[in-house]
1. So A:V202 clears everything in (1) without any contact (Cβ under 8 Å) to a residue 40 or more places away in the chain; (2) closer than 30 Å to B:A140 by Cβ; (3) facing another protein chain (nearest Cβ under 7 Å) except one condition, right? Which one?
2. Among the residues of region B:242-255, is there at least one that is more than 7 Å from every other protein chain (Cβ to nearest Cβ) and of a type in the set (V, I, T)?
3. What residue, of B:I82, B:I139, is over 21 Å from A:A231 (Cα atoms) and in the same structural domain as B:D170 (by TED's automatic domain parsing)?
4. Listed residues A:A73, A:A119; which is closer than 21 Å to A:A200 by Cα and not hydroxyl-bearing (S, T, Y)?
5. Would you point out which residue out of A:L165, A:L154 is more than 25 Å from B:T238 (Cα to Cα) and assigned by TED's automatic domain parsing to the domain that holds A:D117?
6. Identify, by number, the condition in (1) at the interface with chain A (Cβ under 8 Å from one of its Cβ atoms); (2) more than 14 Å from A:L273 (Cβ to Cβ); (3) assigned to a helix (DSSP H, G or I); (4) of a type outside the set (G, A, S) that B:N280 doesn't meet.
7. Which members of region B:91-140 meet the condition of being within 14 Å of chain A (Cβ to nearest Cβ) and either without any contact (Cβ under 8 Å) to a residue 40 or more places away in the chain or over 20 Å from B:H195 (Cα atoms) (or both)?
8. Could you tell me which of the residues B:D250, B:D236, B:D222 is out of contact with any His (no Cβ under 6 Å at 6 or more places or on another chain), more than 22 Å from B:S145 (Cα to Cα) and not small (G, A, S)?
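The values are calculated or read from the model by the stated rules, or taken from the named source; none is laboratory data. What you see is a predicted model; the values in this text were computed from it and never measured. Quick reminder, even Gly has a Cβ in these numbers, built from the backbone with ideal geometry, and neighbours come from all protein chains shown.
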Number of protein chains: 2
Amino acid sequence: MVSDMSELSTVPEQQPEFGKVVIFGVGLIGGSFALALKSARAVGEVVGFGRRPASLREALELGVIDRAGINPAHELGDADLILVATPVGQMPDVFAQIASYMGSETVVTDGGSTKADVASAARAAFGERLGQFVPAHPIAGAEHSGAAASRSDLYQGRKVVVTPLPENTDAALDRVKRAWALCGADIYELTPELHDRVFAAVSHLPHLLAFALVRDLAERSDAALFFDFAASGFRDFTRIAASHPEMWRDICLANRQALLAEIEAYQAQLNDLKAALARNDGDYLQQSFAVARAARRAWGDKQAR
Amino acid sequence: MVSDMSELSTVPEQQPEFGKVVIFGVGLIGGSFALALKSARAVGEVVGFGRRPASLREALELGVIDRAGINPAHELGDADLILVATPVGQMPDVFAQIASYMGSETVVTDGGSTKADVASAARAAFGERLGQFVPAHPIAGAEHSGAAASRSDLYQGRKVVVTPLPENTDAALDRVKRAWALCGADIYELTPELHDRVFAAVSHLPHLLAFALVRDLAERSDAALFFDFAASGFRDFTRIAASHPEMWRDICLANRQALLAEIEAYQAQLNDLKAALARNDGDYLQQSFAVARAARRAWGDKQAR
């Protein structure tokens, strides 16, 4: 038996698809990416960089990363893939470091929730090497954050939107799509601008609307009375109002133009319903609610499949 | 053994607290009220009235009611308690019937989601016998509706807001509170006007806002693209946009003044956040979101206790 095991261990392992992966920002997004690639046996070594030594130490202890990087100048030249999973606000600085040290074969991607601003920061930082940077957005939030919340199956069956730049080579694009596919994700392609317009409407606006409702109540002198009678409809509607204020400040600012346009479309919609209510137009309200109900049900049915 | 059982069955049963209960509208609310009182052994007989014979037959077959009433003139004089659980729009007609036939000891209550309009309809119908009508609002919706969805534990640990009228006798008020307490509910008292103001803010407005968001997307020519990328935040925020259009038309119209005031307060709030976004004021956005997050978390913690 012992000789069997010894024989097994001497069988040469297949080369992993990504020899060296470097992750900037080892939180939920970056950490789960590392764990998913490890679980797929698709990575040789994961090196993590981060601003907080405690987070890196935790990621190391949990086996999320294999090493904490010390000097980017020594780690990026031979990296096959770099994921920038820091808050979007830190990306310009991180991009500048990467641009200085990455190798000619290194492919870089990110995990930011907005894409036009990331593409623009990348354009400024990478210059002639912009083709090596492929922006992406994994649609996978979770209640918890941080390296300790990382899960190898976070991206299983989830969507990742890749927003290629005209400068991207097919090879770089394929590598990034392949990495996310190895994580179990379904890959979609949009332009950065269309991505931002879509997510302004289906994600950023709802967050802003939920924050607005809760703040509207919280600022009243008799707020406690209102909260006392809030029930399950309120609970679900406002769940996202417990989201992280700094993160959502950054997302709103980063996607300001698209979000402002969505707010205005929504205000027009709300004014329309308000006018119907003011003129006691029950038919109009019912028809409007029915349009919403039918669309919401169709969406829910599709999600459940 | 047989003689033991025979002895047991001859022990005189205690008189139930409510000898005869009549329910108008045997759907989820009315049916669950009946089942809860039966489960508490607090009712002698439940008689149901309704517009659809098929619903009454179903309620009868399921044991939710003991008899389907035929003629209110024959059933209301000896009723101890009458619950009107029809849609609010049908209540004026039902109240007029009840006022004609109820006994001098009969106590009447309702299960409507708005209270000032119900109180006003009751005032018109019951005249000098208004003291016998105590408005109430059980805060218990569910995904499903109809008699078949009724559950004896629907009200267990849920809130019921009783909104007494100045004309109510202490005895009538106590009977209604006692019935809901027997259903397992926690009883609160508000005036009808304050009730409507509170529920406009924490329930009716969120429904309108969710309907508005989904309709805003559904009416776009490229709606499918947006729905494709909607995720869990959208799912929870818009769950109530799948609510019943006729029911919510009626609630919005019934609570029109309070809801219009809440829409305006919300529009001011949304304009405030929009202005901060337009002037790129990240500090203001972050502080606003932090107020909402703190309030939402405190509310969630309290609910979980």
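1. Only one criterion is unmet by A:V202, namely (2).
2. Yes, region B:242-255 has at least one match.
3. None of the others qualify; the one that does is B:I82.
4. Details: A:A73 fails: closer than 21 Å to A:A200 by Cα.
The unique qualifying residue is A:A119.
5. Details: A:L154 fails: more than 25 Å from B:T238 (Cα to Cα).
So the residue among A:L165, A:L154 that is more than 25 Å from B:T238 (Cα to Cα) and assigned by TED's automatic domain parsing to the domain that holds A:D117 is A:L165.
6. B:N280 satisfies all of (1) at the interface with chain A (Cβ under 8 Å from one of its Cβ atoms); (2) more than 14 Å from A:L273 (Cβ to Cβ); (3) assigned to a helix (DSSP H, G or I); (4) of a type outside the set (G, A, S) except (3).
7. B:I139
8. One residue alone meets the criteria, B:D222.
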